[in-house]
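Below: the structure, in structure tokens.
The values are calculated or read from the model by the stated rules, or taken from the named source; none is laboratory data. Bear in mind that the values here come from a model prediction, so they are computed numbers and not experimental data. Cβ coordinates were reconstructed from backbone atoms using ideal geometry, including for glycine residues, and neighbour counts include every protein chain displayed.
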């Protein structure tokens with residue numbers, strides 16, 4: 001469990017530099033904790049099953065000191081008397097909450113839609129909670145989570161793969177076979193009026209020589225049992241159960257690495273020509289609030305990712321790829337095993 | 001020694017993708033599946049609302065039988081020692097900005 005001993009608050013400032021007030025922040029530090037822990041595992045500092053406590057501490061702005069933050073530090077305790085590991089985060093971590101706060105201020109008429117703003121985060125020490133803990137009928141004890149890392153040589157995979165999209169240093173490498181991308185696109189093309197999706201499964205591999213962990217996707221399992229509409233896709237309990245059944249049948253000890261779904265540009269951008277659809281913000285790096293909430297809920301592991309197939313029309317598609325970076329969901333690159341030359345699909349791939 | 005109203009059950013509870021995992025060792029004899037799910041969501045730090053604030057509906061998959069338990073089922077009748085339950089939500093991806 002993450003130990004927090006500060007109350008956080010956010011102040012937005014408008015384009016003229018006027019303060020828009022101080023708003024308390026309820027911060028979800030769990031993605032940051034996941035990031036810190038996974039980075040330590042990636043670099044061989046801790047074993048894959050390491051579940052030691054985390055602690056969050058503010059990093060103060062050098063010039064002004066408390067209560068103004070330039071970021072925060074997550075410490076991952078070592079086992080016994082072992083050395084702790086830590087990971088630092090900047091105030092970019094709070095950008096999504098700043099955006100939400102700006103929407104609220106626009107609703108109140110204190111900011112104009114589209115107006116630039118800045119934000120800063122403050123932290124104040126808090127007293128330990130004095131309210132009694134909620135009485136629960138059941139007591140849950142944390143169980144160890146083993147990432148089930150397999151051995152692998154990163155260099156071997158890189159030699160067989162081609163990079164796609166923009167790569168950022170520090171991201172865990174992800175390898176998808178061309179057939180997985182083809183299947184996701186074919187699934188979307190077969191259902192151009194309703195969103196489609198699936199689960200990406202495979203293995204996490206550790207290369208001790210490279211001090212790195214990387215992901216190898218081995219299959220795309222269609223979201224059977226999902227309820228689809230033109231702009232939405234509901235993954236149901238039956239969907240997840242189906243995936244578990246398929247994994248059991250496959251018998252390859254694959255794990256849930258991520259998910260995919262399609263955005264139908266013919267629906268979202270029905271009135272726009274193809275040239276506009278290609279560059280529309282809804283087709284380039286768009287991961288909606290619902291998509292983010294689903295990812296946060298079902299795929300909170302720092303190693304987990306999402307593929308979006310942007311179906312521009314029945315014959316053309318592009319990809320967007322998302323993953324966790326320093327506790328935030330961002331667009332990221334991936335590698336294609338057995339890649340074809342073209343990323344875009346023209347015509348029926350079958 | 002277990003209280004007469006409490007059963008010793010080491011249940012393994014996990015989320016869909018296996019990233020969150022917990023053990024529950026004692027269950028009240030008269031408790032239901034729905035009560036277990038509602039109690040564990042906050043303890044396992046599982047989201048209980050979607051992006052619009054609406055409550056998420058979770059079902060508990062009993063791995064041993066491959067079926068979703070009904071919320072009204074009594075745990076004492078439905079599960080056995082060492083069973084694995086997976087908490088699975090109905091949740092939407094939606095392309096609305």
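Data table
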item	result
Single unsatisfied condition, residue B:92 versus (1) more than 10 Å from chain A (Cβ to nearest Cβ); (2) in a strand (DSSP E or B); (3) touching a helix residue (DSSP H, G or I) at 6+ places or on another chain (Cβ under 6 Å)	(1)
Unmet requirement for residue B:33, which otherwise passes all of (1) crowded, with 20+ Cβ neighbours inside 10 Å; (2) facing chain A (nearest Cβ under 7 Å)	(2)
Selection status of residue B:15, within 12 Å of the chain's Cα centre (by Cα) and more than 7 Å from chain A (Cβ to nearest Cβ)	yes
Residue ranges of strands (runs of 3 or more DSSP E) in the stretch A:268-340 with at least 2 members modelled with pLDDT of 95 or more and within 14 Å of chain B (Cβ to nearest Cβ)	A:305-313, A:316-325
Count of residues meeting criterion [touching a strand residue (DSSP E or B) at 6+ places or on another chain (Cβ under 8 Å) and at the interface with another protein chain (Cβ under 9 Å from one of its Cβ atoms)] in the stretch B:63-74	3
Count - residues of the stretch A:186-206 that are modelled with pLDDT under 95 and either touching a helix residue (DSSP H, G or I) at 6+ places or on another chain (Cβ under 7 Å) or outside the structural domain of residue A:239 (by TED's automatic domain parsing) (or both)	1
Search result, residues across the stretch A:143-179 that are touching a helix residue (DSSP H, G or I) at 6+ places or on another chain (Cβ under 8 Å), surrounded by 13 or more Cβ atoms within 10 Å (Cβ to Cβ) and part of a helix (DSSP H, G or I)	A:154
The one condition in (1) within 13 Å of the chain's Cα centre (by Cα); (2) over 19 Å from residue A:240 (Cα atoms) that residue B:61 fails to fulfil	(2)
Some residue of the stretch A:256-264 being over 22 Å from residue B:50 (Cβ atoms) and in the same structural domain as residue A:177 (by TED's automatic domain parsing)	yes
Strands (runs of 3 or more DSSP E) enclosed by the stretch A:180-263 - at least 2 residues per element that are more than 13 Å from chain B (Cβ to nearest Cβ)	A:197-207, A:212-222
Criterion (out of contact with any strand residue (DSSP E or B) (no Cβ under 7 Å at 6 or more places or on another chain), touching a residue at least 12 places away in the same chain (Cβ under 8 Å) and under 22 Å from residue A:98 (Cβ atoms)) met by exactly one of A:325, A:340	A:325
Scope the stretch B:41-62; condition out of contact with any strand residue (DSSP E or B) (no Cβ under 9 Å at 6 or more places or on another chain) and either closer than 27 Å to residue B:82 by Cβ or surrounded by 18 or more Cβ atoms within 10 Å (Cβ to Cβ) (or both); matching residues	B:42, B:45
